[in-house]
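Note sheet for the following structure.
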Protein chains: 2
Amino acid sequence: MNSRIENSLPSQLDRIDRVRTAREARAILRDKHITLSHGSGGKATHTLIDAMFLPAFRNAALDGFSDAAVLPLRTPSSNGTSAPSFAFTTDSYVVSPLFFNGGDIGKLAVNGTINDLAMSGARPLCLSLGLILEEGLDMEILRRVIDSVAASAAAAGVPIVTGDTKVVPRGKADLIFINTSGVGAVREGITLSAHTIVPGDVVIVSGDMGDHGLAVMMAREALEIETDISSDTAPLHTMVEGILDAAPGTRLLKDPTRGGLATTLNEIARRAGVGIAVSEESIPVKREVRGACEILGLDPLQIANEGKLVAIVPAGEANAALAAIRTHEAGTNAAIIGEVSREPEGLVLLRTPIGGSRVLDMLVGDPLPRIC
Amino acid sequence: MNSRIENSLPSQLDRIDRVRTAREARAILRDKHITLSHGSGGKATHTLIDAMFLPAFRNAALDGFSDAAVLPLRTPSSNGTSAPSFAFTTDSYVVSPLFFNGGDIGKLAVNGTINDLAMSGARPLCLSLGLILEEGLDMEILRRVIDSVAASAAAAGVPIVTGDTKVVPRGKADLIFINTSGVGAVREGITLSAHTIVPGDVVIVSGDMGDHGLAVMMAREALEIETDISSDTAPLHTMVEGILDAAPGTRLLKDPTRGGLATTLNEIARRAGVGIAVSEESIPVKREVRGACEILGLDPLQIANEGKLVAIVPAGEANAALAAIRTHEAGTNAAIIGEVSREPEGLVLLRTPIGGSRVLDMLVGDPLPRIC
């Protein structure tokens, strides 16, 4: 199987293989049953991927970390080396409730998969739409979701080109589950990978953290907290084009979805084998999000975002990248939040306002299931 | 949106648009709720697609009939006209039970999506795997399914390159739902389309009809009928390569999955605006499948297959195509079953052994829900 892709990233494969083997060796799946934590995007998800999925599907394009796989489009007539590359990604959406302040499952499904392609440096070309519907679903609810999918796809300029619909009996699903997969064209000359990160690189976030997760939580629980928190769901592919134009040395882009910024930074630090130090004060969080989190006992840095990205860029290109992000309507609150260090390898340190620092860990458990 | 794909099949777009507009005008969605029939692949599914999905997602690549969309891979540096084409498809699998004679949900999910790519004339390059798991799922069941996905992907030579896992609370799904999407490289010089079909063309099926649906039914109901019926699930991409080598004028390939051969032939007749006449005697059906269908009141021609294809080929290439199919291990029982006629437009006629003929209709309702 590997022969198909052996030319894609030859210099990195050895290293990826070594890192992967080490991760698999560490990952032991002790759970006898699937729990909600396995879908949280945090530690249990990583263990499941490392202990079961990566060993089963071992191939060079699958590394369990990238938002999208990148492969050459080898046609029967091409010799392979000159084949253009495409990016390919998939995401299922099971958010509950289906509608919330600022979005719905349809908008989320379009923007989320567009963003996974964008984070791999690809220009999104098209999406698929796989629906699993529960018998008895109100046709008007389906119509609202489909209209939202269509409007979001049109707004982003990325068409839905293929689809599938399944129906399961009442009580065997929860109204609507959506899978969107996507294909993108990879920008030449750009290699986004944790393995290119070096000490001194700068960490940027494109805006306020935690809005999406809190908006869904508010809609789900009908909480009596007076807020106007709205999901940040947005397509980021044009923002990414701006970043790559302004900062062509960009190391890595990730969207901090499930598990939030804390989980994403930990994934990056482990993958790159570096330390990351961020300043708590510099991380943008809306006052109402911070307040609601305090009441609910949640950490805004562990809450999912759906229209934000983390960029790791060389120090010399940080200001250019920041400026590019801020020109995008979804990036006006972008901020430099920290930098990459040699030590402590694989850890993320949060510098507090009073001058101390603590380890910022990956999400454990799942305080907010079905957030996307 | 359409500008991206306007060069893909320019000569056919006008016709596709006219046909589609006529279908949308005819399709009126009277149901207030989703029923199992909307997932059957038969009439209700077609109405839902024509009345809601096609108007919402209107674009040239989406025609509601093809197993996969075909688009050019336009990179930022390509001018578009020289871009190689790729095929893209998606399918969700909700089969119940998860394991049955001859297969399981994992094998089905790999082979089904490979076949959708193959039917579009594409060589499958890679698959995605989207899992929706129910909280409490036994880890050993998941492991069996994942091992089956991995073994099936390896056997077909098509790697799983990207994935996603979601978990929903107990009672909000049914153990495991799988979405696989796939990307393929389109074979140059081949245009498979219902619009190329002309009267005189020959209809071939690659083997016995109805095995998969019956095997699932047997597993689900623990029926007391003594049989050894086994799912036919198999990847058909190498069979398709053989057909296209032997019969390069092949008009159309379709796999008769949900709704069975009857539904597939009706779709083809309607799409092509032709009549299709098939001989009941010439359609291969295993004796035990025919017997079980009689007991259960089912028509083997309306039952899903997962490792069979229907080929419409020019009369002059029919024997070559048949011979090519028969060299494939999944095609030893292939047969010529009928031919395309000018009249009656849009209808399928079944010639009975005693010399009469009756209209063979598309599946209505869903006698076998969750068959794939």
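Computed quantities for the displayed model
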| read-out | value |
| --- | --- |
| Cα shape, the range A:194-359, gyration tensor, a/c 1.5 rule | oblate |
| Surface share of carbon and sulfur [accessible, 1.4 angstrom probe, percent] for the range A:136-218 | 50 percent |
| Global form of chain A, assessed from the alpha-carbon gyration tensor, a/c cut-off 1.5 | rounded |
| Candidates B:R58, B:R271, B:R30, ranked by Gaussian network fluctuation over chain B, Cα under 10 Å, top entry | B:R30 |
| Estimated distance in nm for a label pair at A:T238 and A:V198, the labels positioned 7 Å out from Cα along Cα-to-Cβ | 3.5 nm |
| Calculated label separations, B:H33, copies of the chain, 7 Å along the beta-carbon direction, nm | 3.0 |
| Candidates A:T196, A:T165, A:T250, ranked by Gaussian network fluctuation over chain A, Cα under 10 Å, top entry | A:T165 |
| Helix-derived mean residue ellipticity, 222 nm - over chain A, DSSP H n ≥ 4, -39500 (n - 2.57), to 500 | -9500 deg cm²/dmol |
| Shielding by partners - mean other protein chain Cβ count within 10 Å, residues of A:35-42 | 5 |
| Over 18 Å between alpha carbons, listed pairs A:K32/A:K166; A:K172/B:K166; B:K286/B:K308; A:K107/A:K308; B:K107/B:K286 | A:K32/A:K166; B:K107/B:K286 |
| Top of B:N266, B:N111, B:N101 by mean-square fluctuation, Gaussian network on chain B, Cα under 10 Å | B:N101 |
| Averaged over B:137-144, number of beta-carbon atoms from partner chains that fall within 10 Å | 4 |
| Label-point separation, B:I28 to B:T327 (7 Å along Cα→Cβ), nm | 5.3 nm |
| Probe 1.4 Å, accessible area per residue of the range B:84-190, Å² | 22 Å² |
| Prolate/oblate/rounded call for the range A:268-367, Cα gyration tensor, a/c under 1.5 rounded | oblate |
| Under 5 Å, built H, 5+ apart or other chain: amide partners of B:G365 | B:K43, B:A44 |
| Label-point separation, B:I354 to B:F99 (7 Å along Cα→Cβ), nm | 4.6 nm |
| Among B:V348, A:G130, B:T89 the positive-end extreme of the charge dipole of the protein assembly as shown (Cβ point charges) | B:T89 |
| Gained length - B:R290 relative to B:E140, 0.36 nm times residue gap less alpha-carbon distance | 50.4 nm |
| Separation of alpha-carbon centers, the range B:312-368 and the range B:144-169, rounded to whole Å | 34 Å |
| Per residue accessible area of the range A:194-359, 1.4 Å probe, in Å² | 38 Å² |
| Inter-centroid distance (Cα atoms) of the range A:96-132 relative to the range A:257-292, Å | 22 Å |
| Heavy-atom accessible surface that A and B bury in contact, both chains counted, 1.4 Å, Å² to 100 | 7700 Å² |
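The values are calculated or read from the model by the stated rules, or taken from the named source; none is laboratory data. Please read all numbers here as calculations on a predicted model, not as lab measurements. Every residue, glycine among them, receives a Cβ derived from its backbone with ideal geometry; neighbour counts consider all protein chains shown. Protein only, heavy atoms only, side chains kept; ligands, DNA and RNA dropped before computing areas. Shrake-Rupley method; radii C 1.70, N 1.55, O 1.52, S 1.80 Å.
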